[in-house]
1. Can you name the residue in the stretch 174-219 that is part of a loop (DSSP other than H, G, I, E, B) and more than 17 Å from the chain's Cα centre (by Cα) and, of all such residues, is nearest to Ala268 (Cα to Cα)?
2. Considering the stretch 401-447 alone, what residues qualify as being surrounded by fewer than 18 Cβ atoms within 10 Å (Cβ to Cβ), within 28 Å of the chain's Cα centre (by Cα) and under 24 Å from Leu52 (Cβ atoms)?
3. Just need a number here: residues in the stretch 357-372 that are in contact with a Leu (Cβ under 9 Å, 6 or more places away or on another chain) and modelled with pLDDT under 75.
4. In the stretch 441-460, what residues are in contact with a helix residue (DSSP H, G or I) (Cβ under 6 Å, 6 or more places away or on another chain) and either among the polar types (S, T, N, Q) or within 15 Å of Thr420 (Cβ to Cβ) (or both)?
5. Any residue that is within 29 Å of the chain's Cα centre (by Cα) and modelled with pLDDT under 85 - is there at least one of those in the stretch 347-354?
6. Counting just the residues of the stretch 49-70 that are assigned to a loop (DSSP other than H, G, I, E, B) and of a type in the set (Gly, Ala, Ser), which one comes out farthest from the chain's Cα centre (by Cα)?
Amino acid sequence: MSAATDYAAPAATIPAAHPWWRGRVGLVVGVALAMLVGYLGWKSTLPWSNRLVWNSLTSYLDRFQTWLSDSRNTPHPNFVFAIFNGFATFLDNLVSWFTTFFEKLTWVGTVALGTLVVLRFGRWQQAVGVLAAFASFALMGLWEQSVQTFALIFAAVGLSLVVGMPLGVIAGRSDRFLRFLTPLLDAAQIVPAFAYLMPVVILFSVGPGAAVLTTMIYAIPPAIRITALGIRGVPVNTVEAAAAMGSTRWQTVAKVQLPLARRMLLLAVNQTILFALSMVVIAGLIGGAGLGDVVTSGLYSNPALAILGGVAIVIMAIALDRSTESMANRTDPARRHLTDDKKLRLRLFTLASVAGVGLAVGLGHAFGAGGIYSGRTAQDWLLRSVQKGLDYVQNPSTWIFHITEPTGNFIVQRGLEPLTNFFVETPWPVMFVGIVAIAFLVSGLRPAAITAIMFATIGVTGEWATSMGTLSQVLIATLI
């Protein structure tokens, strides 16, 4: 008998199946039941003690805020605040420059520029979509606000890419640098934008500059993450072949990794634009003019106009998303095979596009088109139609009201209120230990330790009850 037949491979070890209640899910359910017992047995008996609250923290923060404001607004600020003021002025001027640029193009030139750029680097379907988007801004009577939003987005996205892409390239080549950046990127995306509005306003005042900076904080992480992912997605053997042929690190990055990661880089641009657009409304709260200001100012005074502004933001997001994705697909080296004839046709089309934009700008100035579309709009009709819809939805005699009101009441009375009572009225030691235990069972020791520190900080600041209410809202919203 041969050695091959004498040798018997060891049987594969198959893990034994356990019922769910003996696994991690069962332990989490057990902890939740223990918390429920604590709530039913001792509810409202042990709220977070005032002795554990740092009561003087508020006064310290108020004095610190006053000092920051006084130091920034003094006629001769120190070196640090001079830098803050200078950076804010630079951001304000950058937004103003983009706004002036679009106005100099005239609205005809702006439409031609956007449409022909997408037609040159993307596909005709997306170019038609961009043209339709511009037409919708004009018909809604929100052309000026849309141009202001474009200026804000271009400034924020441009700076986000200038900062994010080089860091993404470094993170794509260095595991250590990526591990260093990951917690910072997580914090920038996890922390709600409203949480850093106040520090930004204190340091940079209210205005377009503060709006751009707030947008950048949220838009830089996707630029870094996707760029790093694209660099890491380049085949290792390709990089090794370049190194074997004598390429330096810079040559490998510039001539091998970046060209092969082009589609991912354009995807990074795409996602950075969308993340920036998602901050437009919040930026409107701190002086970011444009559609965000239309939405925030109209929420209470003119809800119909606020809805119209929101629709314009959605249209802008769809147009930019489809356009940049089309450009990424069309310029992907893996899909694009350019012959000499195709290259010649593309060069001729580029020249024709430049000439078309120049002709549109010239005609716009010749016929007095102006930077802002001032022709007839459908805004009044749209506002009346939207207001009729709002009145219909809010009318107790309509069928839709009989659906929305019971649904909302059910969610609040059967979901939100009981869960809020559970989180707020459960003795705080039971709730604290239970949440940390669940974090440990689900994610491990390090996340559990971070959870313990965060919830202890919440309690020390005196916001335990309000935070528990917010937690219940988040859980209900996540469940829905």
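The values are calculated or read from the model by the stated rules, or taken from the named source; none is laboratory data. Keep in mind the model is a prediction, meaning the values are calculated, not measured. Here the Cβ is made from the backbone with ideal geometry for all residues, glycine too, and neighbour counts use every protein chain on show.
1. Applying the filter and picking the extreme gives Ser174.
2. Pro447
3. 2
4. The one that is in contact with a helix residue (DSSP H, G or I) (Cβ under 6 Å, 6 or more places away or on another chain) and either among the polar types (S, T, N, Q) or within 15 Å of Thr420 (Cβ to Cβ) (or both): Thr451.
5. Checked the stretch 347-354: no residue is within 29 Å of the chain's Cα centre (by Cα) and modelled with pLDDT under 85.
6. So the residue we want is Ser49.
Yes/no per residue for (1) assigned by TED's automatic domain parsing to the domain that holds Pro47; (2) out of contact with any Ser or Thr (no Cβ under 6 Å at 6 or more places or on another chain); (3) touching a residue at least 60 places away in the same chain (Cβ under 8 Å); (4) closer than 30 Å to Gly141 by Cβ:
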residue: Lys342; (1), (2), (3), (4): no, yes, no, no
residue: Thr350; (1), (2), (3), (4): no, yes, yes, no
residue: Lys388; (1), (2), (3), (4): no, yes, no, yes
residue: His402; (1), (2), (3), (4): yes, yes, no, no
residue: Glu405; (1), (2), (3), (4): yes, yes, no, no
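Table: residues versus (1) within 25 Å of Val147 (Cβ to Cβ); (2) surrounded by fewer than 21 Cβ atoms within 10 Å (Cβ to Cβ); (3) in the same structural domain as Met327 (by TED's automatic domain parsing).
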site: Ala244; (1), (2), (3): no, yes, yes
site: Gln271; (1), (2), (3): yes, yes, yes
site: Ile282; (1), (2), (3): yes, yes, yes
site: Leu285; (1), (2), (3): yes, yes, yes
site: Gly288; (1), (2), (3): yes, no, yes
